[in-house]
Ligand SMILES: [Fe+2]
């Protein structure tokens with residue numbers, strides 16, 4: 001990976017780490033964590049993965065997005081890859097030592113992180129992801145990492161609603177990597193033209209079974 005990139009200098013890592021710690025979200029420049037070739041490879045691999053249309057999130061939030069699952073993280077279970085070579089190859093690419101090490105430095109972590117869930121979002125015109133909190137899918141999610149795979153789209157801004165400051169609007173483009181805490185609500189505004197595609201993965205220090213508790217309304221009624 002970083003043969004071509006040189007990855008991140010210590011100063012750049014420190015800058016990104018302090019911005020993430022301070023604001024809860026940071027936008028990493030293209031060709032920093034992923035080369036162009038890697039992005040092209042991920043975009044090729046994702047085209048082989050079947051997709052589902054998602055209109056409801058884990059907490060009943062509203063979405064309109066096509067999702068291709070790469071690694072699943074269901075309540076009560078350990079994370080597991082979706083079967084198939086495309087998902088295994090994407091995870092292998094994400095877990096390359098140097099990328100994991102750079103991310104860990106940006107997270108400011110003293111221990112290893114695992115990828116608990118990974119998926120591709122395909123968003124043609126009219127798509128959006130409603131306001132939600134990632135930690136409601138898994139209380140152990142700490143950071144989500146969002147890699148932009150497409151360039152020709154309009155709209156689709158990523159909006160974060162921090163609890164301690166004004167909302168932040170990001171306009172990610174091809175190759176940028178957005179890292180955000182799973183403790184702030186956020187949304188993806190409607191895509192107006194073109195197709196927005198992103199790889200999204202969720203990192204945690206905890207690698208065991210998903211500790212989310214699902215309320216069973218039927219049982220309580
Ligand atoms: Fe999210």
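The numbers here are math on the coordinates, done by the rules we state, and not lab data. From a predicted model like this one, the values you see are computed outputs, not experimental measurements. A quick note on method: Cβ atoms are made from the backbone with ideal geometry, for glycine too, and the neighbour counts reach across all protein chains shown.
Things to note:
- Among 164, 140, sorting on how many other beta-carbon atoms sit within 10 Å of each Cβ, with the fewest leading, yields 164, 140.
- Straightening the chain between residue 9 and residue 43 buys 9.5 nm, computed as 0.36 nm per residue apart minus the Cα-Cα spacing.
- Mean Cβ count within 10 Å, highest first, over the residues of peptides 61-69, 108-116: 61-69, 108-116
- Helix-only [θ]222 nm of the chain, DSSP H runs n ≥ 4, -39500 (n - 2.57) each, per residue, nearest 500: -7000 deg cm²/dmol
- With the convex hull drawn around the C-alpha atoms of the chain, the volume per residue stands at 129 Å³.
- For the stretch 33-117, the C-alpha radius of gyration divided by 2.2 N^0.38 Å, with N the number of residues, is 1.23.
- Take every pair of alpha-carbon atoms less than 8 Å apart whose residues are at least six positions apart; their mean separation over the length of the stretch 5-154 yields a relative contact order of 27 percent.
- Binning all Cα-Cα separations of the stretch 105-147 at 10 Å, short to long from zero, yields these whole-percent fractions: 19, 48, 25, 7, 0.
- Whether the stretch 43-171 is rounded, prolate or oblate, judged on the alpha carbon gyration tensor where a/c under 1.5 counts as rounded: rounded
- Separation of the residue 214 and residue 23 label points, Cα + 7 Å toward Cβ, nm: 3.7 nm
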